[in-house]
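What follows is one structure encoded as structure tokens, with my remarks underneath.
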Amino acid sequence: MHFGLADASLWIVVIAVRLQLCSCSKYTCTIGTDGFCIFQGVHIESLEQAQDAQLEPPAAAADVTRVKFRDSSMYQLPLGLYGAFHHLQELRVWWMHLHSIHVDARLLTLDAEKNRISSITADSGTVPQLRKLELNQNRLRNIDNISVFEHLEVLELAHNDLRTLDLCVFQRMSKLRLLDLSSNNIGLVHSSIGQQKLAALTVLYLNDNRLTYLDLGILRSFPALEKVHLANNALVYVDHDSLPTMLPRLRIFHLQTNDWHCEALSELIAQLRKTGVQDFKTFSAFNCKDRTIEGVCCTENKPFALVRKSNQYFANYANELNGHTRHLMRELQHTRHEMARIATNDNFTQSSLQNLGDEVEELRNQLTDVMASTDPVTSRPGGPNRTPPTNGAGGVLDPERLTAEVAKLRRDFQKVNGENQTLRQQLRQYDKMRQELDALRTDTNETKLSFQLMKEENAQLRQDLSRLEQKYQQLFSRGAVA
């Protein structure tokens with residue numbers, strides 16, 4: 001057989017069509033010795049490939065509950081994964097290069113460590129049943145939407161890129177037992193949970209971050225805490241008022257490798273001992289610059305008193321600012337209720353004025369008819385022999401009574417109109433008050449931002465002070481040697 005150029009082009013077209021038809025990849029997992037159904041060699045580099053990839057359980061095991069991937073690379077999970085495994089409860093995807101991940105409402109355990117995940121999503125309108133979530137070593141910078149996972153018991157977010165943290169994102173997780181936030185870039189931790197308690201949390205990891213100051217009052221929402229890890233930060237001191245009563249079950253509180261001032265560290269350890277804590281470190285320090293307390297390094301930094309006083313001032317100012325903000329919010333709520341009441345009264349007044357206007361117009365027309373009627377003998381209006389006009393009910397109309405009623409209606413109209421004007425003035429006053437409250441709220445937000453900036457500048461000044469002290473000691477040691 002001889003093939004020409006036309007035949008070659010035909011074969012090229014056939015091969016291209018076959019390749020196009022085969023672009024929808026099918027993968028079947030195999031059951032491993034650990035009970036997982038294992039997918040191997042799954043490669044997804046785009047959203048189109050994630051849509052086209054088909055995942056199937058083995059024919060002999062249709063009710064697969066545990067799935068993991070091996071030797072694979074996926075930009076995101078195949079979109080048909082949860083549809084193919086209706087009974088899936090546990091999913092493990094390590095080292096998959098995932099950039100985002102979606103959590104099905106039926107999933108109970110998700111282990112997605114060592115990826116590139118920067119966002120996590122769930123089905124809207126549902127409460128996921130997830131119990132354990134492991135997202136260590138990813139690229140998370142914001143976890144505001146993690147509050148949808150209300151049934152979490154274990155949450156691990158170590159080695160991500162979190163910067164600031166409000167503990168209120170965990171306030172709906174009433175079953176949470178372990179929270180790992182270690183090895184991030186957290187420089188500020190605060191709490192707006194309020195009076196709500198997370199009574200199940202026993203272990204909290206905040207070690208290996210950038211904390212320079214911490215108010216332990218934020219932990220009052222976790223009364224069952226037994227272990228707190230704060231090692232490897234830049235802490236100089238922490239506020240620890242009412243610590244024994246806040247955390248009666250606390251037994252481990254790791255403090256090593258920080259920038260503790262000896263006075264502050266001594267006070268903190270004394271408070272922790274009252275609580276019952278005996279373990280303050282994972283190891284004892286051997287090469288401390290100044291001295292150790294319970295095996296934890298600390299320094300006798302003279303400017304510490306000034307720094308501490310400034311931080312206490314900032315903390316008190318923040319509390320006053322929060323109290324003022326709460327007062328303004330109550331005033332604003334009261335103003336809203338008053339404006340709603342005034343608007344209701346204004347609508348009622350407008351309706352009453354309309355009804356009065358209609359009655360006045362009807363009586364005016366009737367009075368005009370009475371005055372316009374003529375006597376048949378004298379041809380004058382309102383003669384004595386004329387037939388008295390009647391009203392709509394068949395009664396005889398009395399002009400004097402009609403005049404009195406019109407005068408009364410005019411007085412009522414003027415009274416209602418005056419009340420309406422008063423209500424309008426009150427409405428304008430309340431509108432002005434609302435504008436003032438909005439301006440105060442804006443000023444409050446700006447003050448909060450200024451306060452945060454001052455705290456950051458204060459932390460930077462402490463670091464600069466520490467470096468200057470080190471240089472001074474180096475110069476002093478060189479002079480002693482000389």
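Taking N as the number of residues in segment 20-105, what is its alpha-carbon radius of gyration divided by 2.2 N^0.38 Å? Could you put the intermediate results ahead of the total?
Details: Rg = 12.2 Å, N = 86, 2.2 N^0.38 = 12.0 Å.
Computed over Cα atoms of segment 20-105, the ratio equals 1.02.
How about residue 132: which aspartates and glutamates have a C-alpha closer than 14 Å to its C-alpha, ignoring those fewer than 8 places off in the same chain?
Residue 132 reaches 90, 104, 111, 113, 150, 153, 156, 180.
Does segment 57-173 classify as rounded, prolate or oblate by the C-alpha gyration tensor (a ≥ b ≥ c root eigenvalues; a/c under 1.5 gives rounded; else a/b over b/c gives prolate, otherwise oblate)? Could the numbers behind the result be given before it?
On the way: a/c = 2.18, a/b = 1.40, b/c = 1.55.
It is oblate, given that a/c is not under 1.5 and a/b is not larger than b/c.
Just to confirm my numbers, what's the Cα centroid distance between segment 137-158 and segment 259-278 in Å?
31
Ordered by packing density, taken as the mean number of other Cβ atoms within 10 Å over each peptide's residues, highest first, how do 25-35, 244-254 rank? Kindly include the intermediate steps, with their values, before the conclusion.
On the way: 25-35: 12.8, 244-254: 17.5.
Per-residue Cβ counts within 10 Å, averaged per peptide and sorted highest first, yield 244-254, 25-35.
Rolling a 1.4 angstrom probe over the protein chains, ignoring ligands and nucleic acids, what is the accessible area of residue 79 in square angstrom, nearest 10?
Roll a 1.4 Å probe over it and residue 79 shows about 100 Å².
Kindly identify segment 150-243 as rounded, prolate or oblate by the Cα gyration tensor criterion: order the square roots of the eigenvalues as a ≥ b ≥ c, call it rounded if a/c is under 1.5, otherwise compare a/b with b/c, prolate if a/b is larger, else oblate.
Cα axes put segment 150-243 in the oblate bin.
Strictly greater than 17 Å: what percent of every Cα pair in segment 415-482 meets that?
Here the tail beyond 17 Å accounts for 70 percent of pairs.
Each residue of segment 36-53 in turn: what ³J(HN,Hα) in whole Hz from Karplus with 6.51, -1.76, 1.60 and θ = phi - 60°, glycine and Pro shown as x?
Ordered by residue, 3J(HN,Hα) equals 7, 8, 9, 9, 10, x, 8, 10, 10, 10, 8, 5, 4, 5, 5, 6, 7, 5 Hz.
I need the peptides 110-120, 143-153 ranked by packing, meaning the mean over residues of other C-beta atoms within 10 angstrom, with the highest value on top. Before the final figure, lay out the partial values.
Working: 110-120: 18.4, 143-153: 16.7.
Order by mean packing, descending: 110-120, 143-153.
Return the long-range amide H neighbours of residue 261 (sequence gap of 5 or more, or a different chain), with a cut-off of under 5 Å between placed amide H atoms.
HN-HN under 5 Å from residue 261: 299.
Using θ = phi - 60° and the Karplus curve 6.51 cos²θ - 1.76 cosθ + 1.60, what whole-Hz ³J(HN,Hα) does each residue of segment 289-296 get, with Gly and Pro shown as x?
5, 10, 7, 10, 10, 6, x, 10
Check residue 211: other-chain or 5+ apart residues with amide H under 5 Å from its amide H, H built from backbone geometry?
The list, which skips near neighbours in sequence, is 234.
Distance between Cα centroids, segment 206-231 to segment 239-256: provide it in whole Å.
Cα centroid to Cα centroid, the span is 9 Å.
In whole Hz, with x marking every Gly and Pro, tabulate ³J(HN,Hα) for segment 105-114 from phi via Karplus 6.51 cos²θ - 1.76 cosθ + 1.60, θ = phi - 60°.
Those phi angles translate into 5, 8, 5, 9, 9, 10, 10, 10, 6, 6 Hz.
Under the rule of at least 5 residues apart or a separate chain, name every residue whose amide H is placed under 5 Å from the amide H of residue 73.
42, 43, 44
Distance from the Cα centre of segment 73-136 to that of segment 162-203, in angstrom?
So the separation of the two Cα centres works out to 22 Å.
The values are calculated or read from the model by the stated rules, or taken from the named source; none is laboratory data. Everything quoted here is computed from the prediction, not taken from an experiment. Counting neighbours? That spans all protein chains shown, and the Cβs are built from the backbone with ideal geometry, glycine included. SASA here: full protein model, heavy atoms, side chains in, ligands and nucleic acids out. Shrake-Rupley method; radii C 1.70, N 1.55, O 1.52, S 1.80 Å.
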